[in-house]
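Each remark here refers to the structure printed beneath this line.
What follows is calculated from the coordinates using simple rules that are stated; it is not laboratory data. Nothing here was measured: the structure is a model prediction, and the numbers come from that model. Here Cβ is always computed from backbone atoms with ideal geometry, including for glycine, and neighbour counts include all displayed protein chains.
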Amino acid sequence: MKILKYLFLLSLLSLVALTVFVATQKGIFSVERSKVINSPRATVYNYVNDFRNYEDFESWSVEDPTMRMTFPNKTAGNGASFYWEGSDGKGNAITLKTKEGESIQQKMNFDGTAADINWTFKDTLAGKTKVTWKAKGTMSFLFKIYTALNGGSDNIIGTISEKSLANIDKNLDYETRTYAIKVNGVVKKIETPYIKQTFTSEILKVNKNARIVIPKLIEFSETNGLATNGKPFIIYHTYDTASGLAKISICLPINKEISTSAGSDITAGTLNGFEAVKTTLKGDYTHINEAIAKTTAFINNEKIVPDLSWSHLEILTISKLDTKSPSKLMTEIYFPTKPKVIPVAKVPVYQPQTETQTAKPATPAPAAPKTAEEEDSEF
């Protein structure tokens, strides 16, 4: 009996000693991990920049079947956020600052453990991307105990990060490489009224701008009682690959023509019916240049005359507003063409005969005899 008491006291003293030790520790941590991802930098950046993808690659989410994530309207870019709750606790994260394609700064909280997260993205050889994840912060008392018993903060947090980076690579390797391009041929597009925002954009940022503008157009249509009539689309008035700029209109089709008030950044218009060469891209938008190249080759091979008064149109049939999986995206591309001129065959024109023409001709009078002068004449 005394032995049990001694063991109990020993365990209690050990627990007190551990508690005192942990309590005296500052609990500050700094952990960094890097990995080369087999996908282009823009693709990796956009994937990490959207919190909706975190339930697919964050290891603590993937490994916890009870995890529930809550997403507000804004999940990408500055001010984006999300919340989660699982068997190990609950937390939240917010994006504080982004530098397009280069870095993301976030603030994360998990049951009292706060961390400043910094992601950096750098190009490597063969179109790959080196991703570096770094976290600095302070641990809660319970997390300090947990790390003290399991090899320290670098081991615990670093392992979580390594698994997450591996998941990013695995997911994107499949998602970005799974795509299909089909040139559908010449089609006719019917007249379509729409609301729009028009501006000049970097070509590489068109897709990002669309994700910002389209929700505004949807909100405008709902506020003004307008019914949408199809998927959002982008009109490329110009497409200058040399400067990397394009003048675009991001549009939402509606069911009737309207007029907007002067000074509004959202205006209305009507897309006249036209003939075009249609191409369907199923998969990540990074393959758009290949789709455009195949369309151009088709136009040239078929000796189709393009309409050069504007560049082309893209319908976001399935966009990132509809799915978070790049392999499930669908973009329809339409390059305007000039209608073929069909030569019209000459058809005899019917002319009704007059009464004079239909009457029986009179018996001709006998010809007068020719004179000698008339006989010799050639005319």
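Quick notes on this one:
- Likely footprinting exposure, Ile190, Ile292, fewest C-beta neighbours within 10 Å first: Ile190, Ile292
- P(r), alpha carbons of the range 182-337 - 5 Å bins starting at zero, rounded %: 2, 9, 18, 22, 21, 16, 8, 3, 1, 0
- Ascending count of other beta-carbon atoms within 10 Å, so fewest first, for Lys256, Lys130: Lys256, Lys130
- Dipole in debye (nearest 20) - the range 23-93, about Cα centre, beta carbon charges: Lys, Arg +1; Asp, Glu -1: 300 debye
- HN-Hα J in Hz across the range 109-117 - Karplus 6.51, -1.76, 1.60, θ = phi - 60°, x for Gly and Pro: 10, 9, 6, x, 8, 10, 9, 9, 9
- Protection-proxy order for peptides 262-270, 76-84, 216-224, each taking the mean of Cβ atoms within 10 Å per residue, highest first: 76-84, 216-224, 262-270
- Summing charges over all other residues whose Cβ lies under 15 Å from the Cβ of Met69, with Lys and Arg as +1 and Asp and Glu as -1, gives -3.
- Using 0.36 nm per residue and subtracting the Cα-Cα separation, the extra length available between Val36 and Ser327 on full extension is 102.6 nm.
- Among 333-339, 150-156, 43-49, sorting by the average number of other beta carbon atoms lying within 10 angstrom of each residue, highest first, gives 43-49, 333-339, 150-156.
- Anchor Lys136: aspartates and glutamates whose Cα lies under 18 Å away (excluding residues fewer than 8 positions away in-chain): Glu32, Glu58, Asp111, Asp116, Asp154, Glu162
- Positive minus negative residues near Leu245 (Lys, Arg vs Asp, Glu; Cβ under 11 Å): 0
- Counting all C-alpha pairs of the range 24-177, share separated by more than 29 Å (%): 14 percent
- The calculated FRET efficiency for Thr178 paired with Tyr146, based on their beta-carbon distance and R0 = 35 Å, is about 0.35.
- In order along the range 289-295, the Karplus-derived 3J(HN,Hα) couplings, from 6.51 cos²θ - 1.76 cosθ + 1.60 at θ = phi - 60°, round to 5, 5, 5, 5, 4, 5, 5 Hz, and Gly and Pro are given as x.
- Using θ = phi - 60° and Karplus 6.51 cos²θ - 1.76 cosθ + 1.60, couplings along the range 266-272 (whole Hz; Gly, Pro as x): 9, 10, 10, x, 9, 8, 5
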